[in-house]
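Dumping the structure here so I can ask a few things about it.
The values are calculated or read from the model by the stated rules, or taken from the named source; none is laboratory data. Quantities reported herein were computed from a predicted structural model and do not represent experimental measurements. Quick reminder, even Gly has a Cβ in these numbers, built from the backbone with ideal geometry, and neighbours come from all protein chains shown.
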Amino acid sequence: MADQALPEIDTPDDPVCPGERGRLVVKDRAIERIAAAAALGVPGVVRHSGGGILRLTGRDLPRADITTGTNAVAVNLYIAAEWPYDAAMLTRRVHDAVERRLRELTGLRVHELNVLVVATAPVEDGEEDDSQPPVEYLESDIVAARTTPHPDIPTVAPLPPLASPAAAPAAALVAVAALVMAFTAARELLIVNGTYAGAPWLRNSFEWFGRLHWHTWLAPVAGICLVLGIALIAVALKPRRRTHVPLQVAGPVPTVWMRRTDVARMCSAHASALTGVRTARTVVDRRRAVVRVSVEQDTPVDEVTASVCAAVAPNLAALADPVELVVEVTR
């Protein structure tokens with residue numbers, strides 16, 4: 001049998017560049033999972049699940065909210081820390097681990113990375129999570145990541161964590177009222193079409209309003225409506241309060257935040273571990289941190305005060321906005 005000649009295939013002189021054959025798209029959900037997994041691999045970061053509706057909505061910790069750009073990504077990372085913990089060291093390790101993992105796996109530059117400690121969970125014996133291997137830290141990588149400049153990425157100050165708007169309850173009432181009006185309109189439509197037999201609400205209500213004249217009870221109702229309107233306007237214009245305080249980090253803008261409650265717990269833990277201190281309780285507000293400790297009857301008050309100041313002052317020094325330390329000792 002004679003050999004059959006194969007057809008010739010024309011090959012272009014200039015082959016297509018491999019970079020032009022397609023493109024790689026990393027979904028936002030994948031970036032969020034990479035950031036959460038990298039944070040969970042840091043010793044001291046634990047899983048934390050909210051109860052009730054939070055469990056159904058998947059608002060478990062750690063979780064990440066991202067905003068992607070052309071070649072950069074901004075991340076808000078919410079974590080739960082094992083209590084007690086060193087906030088400055090833990091957040092620095094989380095920041096470095098997540099930034100390095102995103103750069104290695106996605107190739108994106110981390111334009112902004114905010115680490116928020118939103119919950120603390122003590123881990124009992126035998127319940128440590130071993131699903132993620134511990135992250136190995138190299139000081140050279142950490143220093144290089146912090147000192148490498150990115151001239152093409154401008155530094156933008158992130159928005160601080162804020163509480164829910166004060167107008168949220170009023171908005172919920174307005175939404176309920178809108179649903180009631182929609183239900184009433186649907187009921188009137190069914191009555192007009194003869195589908196549902198019942199007394200119309202709108203016609204009877206408007207007829208009642210049409211026959212309504214001045215009565216003495218209208219004066220207090222008008223006053224209540226006036227006060228309610230002014231209160232709703234004030235609530236709508238009220239700015240949201242800050243829920244976290246910034247920590248001192250390397251950089252021109254704060255990227256690590258803590259709740260005042262967690263700062264108070266950290267101070268109380270260091271104060272209660274001192275010799276002669278029975279109990280310690282701390283209250284932190286915008287201007288000062290008040291540490292109230294109780295001691296035995298024969299314990300010198302001056303020595304305890306000096307010891308508490310020496311133990312608590314380094315914790316407050318980590319705050320970007322310094323607060324006054326006040327120690328109150330009671331026998």
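Assuming residue 113 fulfils every condition listed in (1) modelled with pLDDT under 85; (2) closer than 25 Å to residue 49 by Cβ; (3) buried (at least 16 other Cβ atoms within 10 Å of the Cβ) apart from one, which condition is it?
(1)
Next question. Note down all Cβ pairs under 8 Å where the first residue falls in region 309-331 and is in the same structural domain as residue 266 (by TED's automatic domain parsing) and more than 21 Å from residue 279 (Cβ to Cβ), the second is loosely packed, with under 12 Cβ neighbours inside 10 Å and not basic (Lys, Arg), and they're at least six residues apart or on different chains.
323/285
Kindly indicate whether residue 259 is touching a His at 6+ places or on another chain (Cβ under 6 Å) and within 30 Å of residue 76 (Cβ to Cβ). Can you show your working first?
Details: touching a His at 6+ places or on another chain (Cβ under 6 Å): yes; within 30 Å of residue 76 (Cβ to Cβ): yes.
So residue 259 fits the description; yes.
Further question: Can you tell me which residues in region 262-289 are of a type in the set (A, V, I, L, M, F, W, C) and crowded, with 17+ Cβ neighbours inside 10 Å?
Within region 262-289, 263, 264, 266, 267, 269, 271, 274, 277, 280, 284, 289 qualify.
Restricting to region 316-331, name every residue that is touching a helix residue (DSSP H, G or I) at 6+ places or on another chain (Cβ under 8 Å) and either on the phi > 0 side of the Ramachandran plot or part of a strand (DSSP E or B) (or both).
Scanning region 316-331 gives 319, 325, 327, 329.
Would you be able to say whether some residue in region 211-223 is over 46 Å from the mean Cα position of the chain (by Cα), of a type in the set (D, E, K, R) and exposed (fewer than 11 other Cβ atoms within 10 Å of the Cβ)?
The answer is yes, given that some residue of region 211-223 is over 46 Å from the mean Cα position of the chain (by Cα), of a type in the set (D, E, K, R) and exposed (fewer than 11 other Cβ atoms within 10 Å of the Cβ).
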